[in-house]
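The values are calculated or read from the model by the stated rules, or taken from the named source; none is laboratory data. Predicted, not measured: the structure shown is a model, and the values here were computed from it. Note that each Cβ is placed from the backbone with ideal geometry, even for glycine, and that neighbours are counted across all protein chains shown. Just the protein is used for accessible areas: all its heavy atoms, side chains included, with ligands, DNA and RNA removed. Shrake-Rupley method; radii C 1.70, N 1.55, O 1.52, S 1.80 Å.
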Amino acid sequence: MAGFENYQHATHDIELEIERMGVALGIDWSDDAQVRALAREALEHTPELVHAAAAHPDDQRLNAKVTLFGLANLMLRTMEESADVGLETHGGPAWKTFGRALWAETASRRKEG
């Protein structure tokens, strides 16, 4: 690590953007099936969505989804980096719900593979 990272501040910023993208997409973070399907899509289709969003820059829903999937990557990276320096980092309800769904989908894929 190159220097001091303010993980609490970064976590807050990521959580806020996750919540904003959730509103844009109409996500009900208390609906486990909906969040799990979103996590599955994040793991399966991100490259295709990025290309589609580039081809359709005016599609706000598509761009919100691409942003959310990028935030998921940033969320996981923040948790990994903070853990490397002995800190446990996690955000609020949307962060935790989406994170659990991503981990569950990843674990499910490992069992299948």
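For the reader, a short list of remarks on this structure follows.
- Applying both filters, DSSP loop and at most 16 other Cβ atoms within 10 Å, to the GluC sites (Glu not before Pro) of the stretch 9-113 gives Glu88.
- Within the full protein context, the accessible area of His51 is estimated at about 140 Å² for a probe radius of 1.4 Å.
- For Rg and Dmax of the Cα atoms in Å, calculated from these coordinates, the label among [x] 14.5, 42; [y] 13.2, 39; [z] 45.7, 153: [x]
- The chain: calculated mean residue ellipticity at 222 nm from DSSP helix runs of at least 4, using -39500 (n - 2.57): -27000 deg cm²/dmol
- Helix 32-55 axis, angle to the chain major axis (alpha carbon atoms, nearest 10°): 70 degrees
- Area of Thr11 that stays accessible when all protein chains are in place (1.4 Å probe, Å², to 10): 10 Å²
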